[in-house]
1. Among the residues of the stretch 54-81, which ones are within 17 Å of the chain's Cα centre (by Cα), part of a loop (DSSP other than H, G, I, E, B) and of a type in the set (A, V, I, L, M, F, W, C)?
2. Out of the stretch 108-122, which residues are of a type outside the set (Lys, Arg) and either more than 16 Å from TRP89 (Cβ to Cβ) or surrounded by fewer than 16 Cβ atoms within 10 Å (Cβ to Cβ) (or both)?
3. Filter the stretch 46-88 down to the residues that are surrounded by fewer than 17 Cβ atoms within 10 Å (Cβ to Cβ) and of a type in the set (Lys, Arg), then identify the one that is farthest from PHE115 (Cα to Cα).
4. Out of curiosity, is ASN87 among the polar types (S, T, N, Q), closer than 15 Å to ILE26 by Cα and more than 13 Å from the chain's Cα centre (by Cα)?
5. What tally of residues in the stretch 83-123 results from selecting those that are closer than 22 Å to LEU14 by Cβ and hydroxyl-bearing (Ser, Thr, Tyr)?
6. Looking at LEU161, LEU132, LEU155, can you tell me which residue is part of a loop (DSSP other than H, G, I, E, B), in contact with a Phe, Trp or Tyr (Cβ under 9 Å, 6 or more places away or on another chain) and of a type in the set (A, V, I, L, M, F, W, C)?
7. For the stretch 1-38: of the residues being polar (S, T, N, Q) and surrounded by fewer than 24 Cβ atoms within 10 Å (Cβ to Cβ), which is nearest to ILE114 (Cα to Cα)?
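Here, each number is a calculation from the coordinates, and none is a lab measurement. Small disclaimer: the values here were computed from a predicted structure and weren't measured. When we count neighbours, we look across all protein chains shown, and the Cβ atoms used for this are built from the backbone with ideal geometry, even at glycine.
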Amino acid sequence: MTIHVFLDTEFTALAESASLISIGLITAEGDRSFYAELSDTYTHKECSDFVLQEVLPLLDAKRITDPINYKHVYARMTLAETSLHLNYWFAALIDPVQVWSDAPNYDWRYIQQIFSATGLPYNLLATPNAILGEDTSANASYQNTVEREYSQKALRRHHALDDAKAMRLGWLAVY
């Protein structure tokens, strides 16, 4: 059985040289999530005005502490700690993991960066899936669900974990 996981990242700017700020993942079942705010990958000087105004004010995680509940990780940590703990999080899923993203060209490169020293976790499939495809009806249903979640103020737009949760809900509405 393949486990579907929804991924979102926030980064310093829409540029090839952008740095990772945060990463959020949630399983399709919604029973496991991972959220990390990186403490050593960027400076405020690197951030675009948009990121300074819309992304950084949403950062609210506390420093990672032991013991760690790998069902729901929500912490501020270094890139090395993120690599270690995200590897454990994926390992706890046991089955093969397929990542879904609304912007895989942006998000996947940060997964590759996180695991650059160790390689991808053994059960993480090496190619992400794009949520939005060619079916305009499915895309519209997905977008309507996602927008409803944001408009109800249940989720914060541009918060990596909340965006992953919105993707999950949109995906469930279509598939």
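1. Answer for the stretch 54-81, where residues must be within 17 Å of the chain's Cα centre (by Cα), part of a loop (DSSP other than H, G, I, E, B) and of a type in the set (A, V, I, L, M, F, W, C): LEU59, ALA61.
2. Passing the criteria: TRP108, GLN112, GLN113, SER116, ALA117, THR118, GLY119, TYR122.
3. This residue is LYS62.
4. Values: among the polar types (S, T, N, Q): yes; closer than 15 Å to ILE26 by Cα: yes; more than 13 Å from the chain's Cα centre (by Cα): yes.
The answer is yes for ASN87.
5. 4
6. Being part of a loop (DSSP other than H, G, I, E, B), in contact with a Phe, Trp or Tyr (Cβ under 9 Å, 6 or more places away or on another chain) and of a type in the set (A, V, I, L, M, F, W, C) holds for just one of LEU161, LEU132, LEU155, which is LEU132.
7. Result: SER19.
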